[in-house]
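Structure, as structure tokens:
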Amino acid sequence: MASASFKEIGKKLRISRFTVARVLRGEKYVSEKTRALVLDYLKKEPYVPNVHSSVLSSGKVNILGLVFLGESFFSMEFYIQEIIKGVSEVAKKEGYQLMLFTQEKLNSSDCLRLYLSKQVAGFILPSIGKDNFKDIIELKDKKIPLVLLCSHLKDVSSFDCDNVTGGYLATKYLLDSGRKKIAFLHGTKNWIDAEDRFQGYKKALREAGKEIETPLTRLAAVAR
């Protein structure tokens, strides 16, 4: 059947739509007779919940917006799949669903509109570069719930690995193995993880008394 509203179900069962909503949410203050009436009806006529109706009746939004920027979304297929898998597993355990968005460049106005219209409860933003930090700060200042993933910004909730130490240990391993000429391929200039790894790379070189040559290109460096 097409998804019925609380009002339609209530009309057929001669009870209020608010009572139907209470039964579907498993709330108290509903007689066992009425609860059985609604549940028996739904066994025959399955109810597919409407997200916006649920928001209006409960006041709670149970959808999280997972926002990927175009460049990363289309260039890192396996990485993206792993992020979606991990985030969706945790969200499901907490009673949330995911809504996937892609933007060429982070647009704080679009994110604000989605939040204020109660389409999402907040945002998870993977691999956000420095060129998008202005929009992140605007959203934070407007009290929009958000979390950065695989990136980090001061005073913003962020989850990332210690890329500075990672870059340091990788470089130190090569130095300890007797390598004399070590190159660092930086990646895009606004990529936070790459910049952190570069800091670790330079730290290991300084400890070894080595200097970084003038970069071969804008995105690469070599140490001797």
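Of everything listed in (1) open to solvent by 60 Å² or more (accessible area, probe 1.4 Å); (2) in contact with a strand residue (DSSP E or B) (Cβ under 9 Å, 6 or more places away or on another chain); (3) closer than 23 Å to Ile192 by Cβ; (4) touching a residue at least 12 places away in the same chain (Cβ under 8 Å), the single unmet condition for Tyr115 is (3). Of the residues making up region 47-63, at least one is among the hydrophobic types (A, V, I, L, M, F, W, C), surrounded by 10 or more Cβ atoms within 10 Å (Cβ to Cβ), at pLDDT 80 or above and within 14 Å of the chain's Cα centre (by Cα).
Scan region 121-137 and tell me whether some residue there is open to solvent by 40 Å² or more (accessible area, probe 1.4 Å) and within 21 Å of Val61 (Cα to Cα). Within region 121-137, not a single residue is open to solvent by 40 Å² or more (accessible area, probe 1.4 Å) and within 21 Å of Val61 (Cα to Cα). Is it true that Ile144 is touching a residue at least 60 places away in the same chain (Cβ under 8 Å), in contact with a Cys (Cβ under 9 Å, 6 or more places away or on another chain) and not in a helix (DSSP H, G or I)? In short, no. Just checking, how many residues over region 83-130 are on the phi > 0 side of the Ramachandran plot and among the charged types (D, E, K, R)? The number of residues fulfilling the criteria is 1. Counting the residues of region 24-46 that are assigned to a helix (DSSP H, G or I) and either under 30 Å from the mean Cα position of the chain (by Cα) or modelled with pLDDT of 80 or more (or both) gives 11. Among the residues examined, Ile80 does not qualify as open to solvent by less than 20 Å² (accessible area, probe 1.4 Å), at pLDDT 90 or above, among the aliphatic types (A, V, I, L, M) and on the phi < 0 side of the Ramachandran plot. Within region 116-129, can one find any residue that is at pLDDT 90 or above, in a helix (DSSP H, G or I) and under 19 Å from His152 (Cα atoms)? Checked region 116-129: no residue is at pLDDT 90 or above, in a helix (DSSP H, G or I) and under 19 Å from His152 (Cα atoms). Scanning region 147-187 for residues that are in contact (Cβ under 8 Å) with a residue 40 or more places away in the chain and open to solvent by less than 60 Å² (accessible area, probe 1.4 Å) returns Leu149, Cys150, Ser151, Ile182.
Within the span defined as region 196-208, every residue fails to be assigned to a loop (DSSP other than H, G, I, E, B), more than 22 Å from Tyr79 (Cβ to Cβ) and either open to solvent by 60 Å² or more (accessible area, probe 1.4 Å) or touching a residue at least 40 places away in the same chain (Cβ under 8 Å) (or both).
A quick yes/no check of all residues on (1) part of a helix (DSSP H, G or I); (2) farther than 17 Å from Val147 by Cβ; (3) of a type in the set (Val, Ile, Thr):
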{"residue": "Tyr79", "(1), (2), (3)": "yes, yes, no"}
{"residue": "Ile83", "(1), (2), (3)": "yes, no, yes"}
{"residue": "Gly86", "(1), (2), (3)": "yes, no, no"}
{"residue": "Val90", "(1), (2), (3)": "yes, no, yes"}
{"residue": "Met99", "(1), (2), (3)": "no, no, no"}
{"residue": "Leu106", "(1), (2), (3)": "no, no, no"}
{"residue": "Ser109", "(1), (2), (3)": "yes, yes, no"}
{"residue": "Arg113", "(1), (2), (3)": "yes, yes, no"}
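The values are calculated or read from the model by the stated rules, or taken from the named source; none is laboratory data. Because the structure is predicted, anything quoted here is derived from the model rather than measured. Heads up, the Cβs are rebuilt from the backbone with ideal geometry, glycines too, and the neighbour counts pull from every protein chain shown. What goes into the accessible areas is simple: the full protein's heavy atoms, side chains included, and nothing from ligands, DNA or RNA. Shrake-Rupley method; radii C 1.70, N 1.55, O 1.52, S 1.80 Å.
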